[in-house]
Amino acid sequence: MSTETATKTAAGVTDAVKVYGSGDTAVRALDGVSVGFPAGRFTAIMGPSGSGKSTLMHCAAGLDTLTSGSAFIGDTELSTLEDRRLTLLRRDRIGFVFQAFNLVPTLTVAENITLPLDLAGARGDREWVDALVDVVGLRDRLHHRPAELSGGQQQRVAVARAFAGRPDVVFADEPTGNLDSRSGEEVLGLLGRAVRHMNRAVVMVTHDPVAAAHADEVVFLADGRLVDRMESPTPDKVLDRLKAFEART
Amino acid sequence: MNASLRLTVASLRAHRRRFAGTFLAVFLGVAFLAGTLVMGDTLRASFSTMFGDATAGTDAVVRSADTITAPGESQGVRQPVDTSLVRTIEKVPGVAAVAPNIEGRGQLVAADGKPVGGQGPPTIAGNWINDPRLNPYRLAEGRAPARSGEVVVNRGAARRGHLRVGDTTTLRTPEPVRVTVVGLATFGGADGMGQVTFTGMTQADAEKYLTARSGQAASIQVRAGPGVTQRGLVSALTPVLPRGVEAITGQESAQENTDMISSRFLTLFTSFLLVFSGVALLVATFSIHNTFAIVVAQRTRENALLRALGASRRQVTVSTLVEASAVAVMASAVGLAGGIGIAAGLQALFPAIGFPFPKGDLVIGGLSLLLPLAVGVVVCLGSALLPAVRAGRTAPLAALRETAVDRSGASRARVVVGGALAASAVVGTLAGVLVSPSLWLAGTGSVLALAAFVVLGPVASSAAVRALGAPLHRLRGVTGTLARRNALRSPRRTAATASALMVGVAVVSLFTVFAASLKATMDQTVSRSFAGDVAVSTPSFGAGGSGLSPGLAPAIARQAVVANAVGLGRGVAKADGSGRALTVTDPATLGRVFDLGTVRGSLAHLGTDGIAVTEKEGRGQHLAVGSTVRLTFTDGTTEPFTVRAVYSRSELVGDYVITRAAWAPHRTQDSDSLIAVSFKPGVGTAQGKAAVQRVAAEYGNPSVQTRDEYATSSAGGIDMMLTL
């Protein structure tokens with residue numbers, strides 16, 4: 001895949017610092033991280049527990065605010081936005097896939113997929129949504145409720161929803177964390193294909209080297225700092241890299 | 001369908017059962033409110049139709065302009081007009097017919113010897129007006145009275161008294177008068193004016209038995225000739241009337257009667273229903289707030305997810321509010337139907353328990369539909385507002401964390417706030433009840449107490465569940481333990497469920513305690529103030545009955561076993577300008593059968609210009625022994641009275657006492673409401689009572705009760721209220 005600098009950056013953070021708590025109990029979850037997530041690329045964020053990978057994602061996605069530094073979606077600086085603008089930004093330009101509790105239990109599959117569009121009050125591109133339904137293979141489940149689906153099917157609904165509004169960037173937080181390996185493969189395959197076909201950015205937080213290997217690039221975090229980057233990862237290479245961390249600590 | 005609405009509908013569908021409690025509370029509140037309004041409209045409309053029909057032929061009513069109203073009475077006493085005015089009015093151009101309307105109290109005695117009516121609605125006797133269009137009653141059977149002793153009775157009263165044309169019975173005016181029923185009449189197409197009984201006599205009889213002096217009438221009814229409007233007639237009449245006498249149109253008179261009679265019925269029931277409605281809506285407020293607080297707390301992750309996906313605060317808030325209003329609209333709509341049902345039920349129920357309720361269709365006005373609906377929706381939205389705003393404030397990040405556990409039970413702030421509320425509630429209530437009796441203080445205290453219960457509910461529920469749930473483990477094993485844990489997990493939910501039940505029980509106990517206290521007070525009042533051995537009375541509850549003949553007390557006093565028999569009569573006058581009820585009696589012997597408390601001065605020699613007042617009235621009106629009060633009577637005369645005694649206990653005797661001699665020149669139709677009798681030493685209660693009963697039988701057979709029986713029956717009216 002291309003790594004030209006000309007590629008547009010869909011999202012990113014510069015000198016990101018996030019401190020939880022204050023005084024003696026203060027924890028620096030992010031300690032001066034700068035990273036960009038280009039469009040058309042699938043980036044995985046890895047690191048041991050407590051390395052700040054989830055915090056990085058939350059701040060980059062506008063779910064949480066940085067203590068200092070800046071976060072961007074496209075050219076928009078998030079720290080200057082008030083809640084209403086931030087909400088609109090999430091709605092229109094960002095897609096989310098969470099580890100669990102992705103779907104509104106009282107809405108059907110079809111309603112869940114179009115939820116961001118409905119919230120925007122937009123008709124959206126119904127043909128696009130229709131095509132997405134086929135891509136994730138849920139045509140026969142549209143009128144079921146989430147509780148009637150398997151975990152893998154639920155995550156596929158979440159993926160469809162994340163892409164329904166054609167966002168600039170999709171953030172996925174351990175999307176395969178609760179799935180068996182076959183379902184996980186399916187979801188990761190969907191994310192990978194979406195990046196290539198739609199030229200969107202996908203940012204995935206994971207601790208699973210096999211999942212990370214689906215990405216174009218893996219960035220490694222430790223103690224709130226960016227410690228390494230790896231192009232064209234394979235499960236073995238990622239695993240070795242992680243082992244190297246553990247040996248060092 | 002937009003997103004907020006879709007979320008709302010989906011959520012309602014999913015949480016049907018949770019909203020059942022909320023639904024019920026709103027439903028009850030709205031139903032009682034709607035029922036009250038519909039019943040009010042219906043009553044007014046039926047009375048209005050009835051009076052309109054009955055008095056359609058009366059174009060003007062001539063009567064005295066002034067009324068004297070004693071405090072607590074809904075209807076003032078109007079001075080009579082001279083019947084000689086009839087001749088003056090007849091000469092006025094445009095007048096087709098004139099008839100005096102003599103009206104007084106007259107209670108029929110049924111074929112079986114029991115009085116007819118008198119349990120609330122008035123028992124009216126009057127002159128039978130021969131002009132059929134001026135007479136609101138129509139002859140349905142028989143003929144009009146032509147000779148002394150002949151009467152026409154309204155058909156409803158005749159039916160209840162098992163009286164037929166040709167029967168002879170007694171009419172208590174309150175002097176017992178032998179009368180022969182010669183005709184039956186209807187009123188406005190019905191068998192009577194509600195349950196009011198009417199006896200029509202000849203004009204001479206009416207003047208003789210119903211007025212203090214002949215030549216007086218309550219009012220004069222006038223019918224206009226062709227082409228003369230009601231207004232025109234009134235304008236033509238006004239110049240010939242003496243000072244203090246006025247003419248009003250027939251329509252105005254009908255409207256006045258409608259208002260008066262419907263308000264009398266309405267106040268009794270509407271206040272009761274409105275209190276109930278208010279309590280239900282208050283409960284609804286708490287119930288809705290609690291329900292939504294729980295819903296919102298349990299939906300934290302869902303709301304956070306929505307926020308993360310781009311739902312604005314407003315969208316989340318609105319979706320919760322729409323949910324509340326959906327519940328509100330549904331519950332209110334069903335409540336409206338329920339309210340109409342209540343009104344229909346009451347309409348059917350009232351006659352069955354002896355209360356008048358005129359026939360006619362239910363009248364459902366726009367206001368009675370819109371107001372309860374609006375109140376229901378506003379209450380719902382108002383109480384869901386706070387939880388809804390809280391829902392909107394959910395941080396998007398909460399979607400990524402575990403569900404926030406409801407910690408309401410553990411909160412120290414809750415205990416402190418609840419404790420403070422409870423303390424101020426107790427202080428407020430006690431201060432309101434004991435220190436300086438004030439409805440406001442006590443009411444605020446009660447509302448605070450309710451709030452305290454809601455706040456402390458979760459704290460108490462944890463403790464209660466722990467205590468009650470302890471044996472569950474042994475009895476039901478794992479299931480029991482789980483049940484207990486579940487109840488403990490969300491104390492607020494547990495408390496909300498319990499509070500619905502709690503408030504229900506509280507309302508029922510409130511009414512029970514209230515009625516019991518009232519009954520006890522009444523009991524106490526009677527046993528404290530009544531110092532006689534037996535009481536002779538007509539039904540004490542309501543305005544009906546004819547009262548007791550003034551001749552009865554002296555007749556009883558003549559019995560060998562009787563030491564004292566004192567009758568209490570009622571009068572009304574303006575005391576220094578404000579209407580007051582007077583007690584007309586023999587003050588000298590009053591103290592022997594009633595406990596008057598401490599008496600300053602002497603009741604023995606009030607004479608025709610002396611008066612006795614209670615301490616309370618004396619304080620309020622600045623009266624003491626020796627001061628002068630000017631009484632204005634219904635005949636228009638004003639006389640100064642000297643206060644010769646001040647007594648402290650007024651429960652049965654009333655606030656102002658004058659002698660019969662002083663009252664005689666101003667009297668209207670004389671009657672006593674109560675005769676207290678004491679026996680000579682050594683006379684047994686049974687023996688004395690039998691003697692009194694023998695005398696009473698000749699005076700239309702009023703009830704003779706021992707002191708205890710009298711106390712119980714005085715309180716009995718409250719039982720009747722309670723069963724309603």
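The values are calculated or read from the model by the stated rules, or taken from the named source; none is laboratory data. Remember, predicted model here, so these are calculated numbers, not experimental data. Here the Cβ is made from the backbone with ideal geometry for all residues, glycine too, and neighbour counts use every protein chain on show.
Numbers at a glance
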quantity: Criterion violated by residue A:162 - all others in (1) more than 13 Å from residue A:103 (Cβ to Cβ); (2) within 13 Å of another protein chain (Cβ to nearest Cβ) satisfied; calculated: (1)
quantity: Unique residue being in a helix (DSSP H, G or I) and either assigned by TED's automatic domain parsing to the domain that holds residue B:457 or buried (at least 17 other Cβ atoms within 10 Å of the Cβ) (or both) when the list is B:374, B:384; calculated: B:384
quantity: Filtered residues of the range B:176-194 (kept if β-branched (Val, Ile, Thr) and closer than 13 Å to residue B:152 by Cα); calculated: B:179, B:180, B:181, B:182, B:186
quantity: Some residue of the range B:162-172 being more than 22 Å from residue B:139 (Cβ to Cβ) and touching a Phe, Trp or Tyr at 6+ places or on another chain (Cβ under 9 Å); calculated: yes
quantity: Strands (runs of 3 or more DSSP E) completely within the range A:126-225 that count 1 or more residues being surrounded by fewer than 22 Cβ atoms within 10 Å (Cβ to Cβ) and among the basic types (Lys, Arg); calculated: none
quantity: All positions within the range B:604-624 that are in contact with a Leu (Cβ under 6 Å, 6 or more places away or on another chain) and closer than 24 Å to residue B:678 by Cβ; calculated: B:612
quantity: Test: residue in the range A:56-74 that is more than 18 Å from the chain's Cα centre (by Cα), of a type outside the set (S, T, N, Q) and at pLDDT 85 or above; calculated: yes
quantity: Residue in the range A:124-135 that is within 13 Å of another protein chain (Cβ to nearest Cβ) and farther than 20 Å from residue B:11 by Cα present; calculated: yes
quantity: Residues of the range A:19-46 satisfying the condition of being more than 15 Å from the chain's Cα centre (by Cα) and in contact (Cβ under 8 Å) with a residue 60 or more places away in the chain; calculated: A:28, A:29, A:30, A:31, A:32, A:33, A:34
quantity: Subset of the range A:87-112 (residues that are in a helix (DSSP H, G or I), crowded, with 22+ Cβ neighbours inside 10 Å and either at pLDDT below 85 or more than 9 Å from chain B (Cβ to nearest Cβ) (or both)); calculated: A:109, A:112
quantity: Positions within the range B:580-615 being assigned to a loop (DSSP other than H, G, I, E, B) and free of Cβ contacts under 8 Å to residues at least 24 places away in the same chain, in sequence order; calculated: B:604
quantity: Where a residue in the range B:292-321 is facing chain A (nearest Cβ under 9 Å) and more than 15 Å from residue A:106 (Cβ to Cβ) and its partner, wherever it lies, is of a type in the set (Lys, Arg) and crowded, with 21+ Cβ neighbours inside 10 Å, with Cβ under 6 Å and at least six apart; calculated: B:310/A:90; B:310/A:91
quantity: Test: residue A:139 is charged (D, E, K, R), more than 9 Å from every other protein chain (Cβ to nearest Cβ) and within 15 Å of the chain's Cα centre (by Cα); calculated: no
quantity: Residues being surrounded by fewer than 19 Cβ atoms within 10 Å (Cβ to Cβ), closer than 26 Å to residue B:531 by Cβ and touching a residue at least 12 places away in the same chain (Cβ under 8 Å) - total across the range B:618-634; calculated: 2
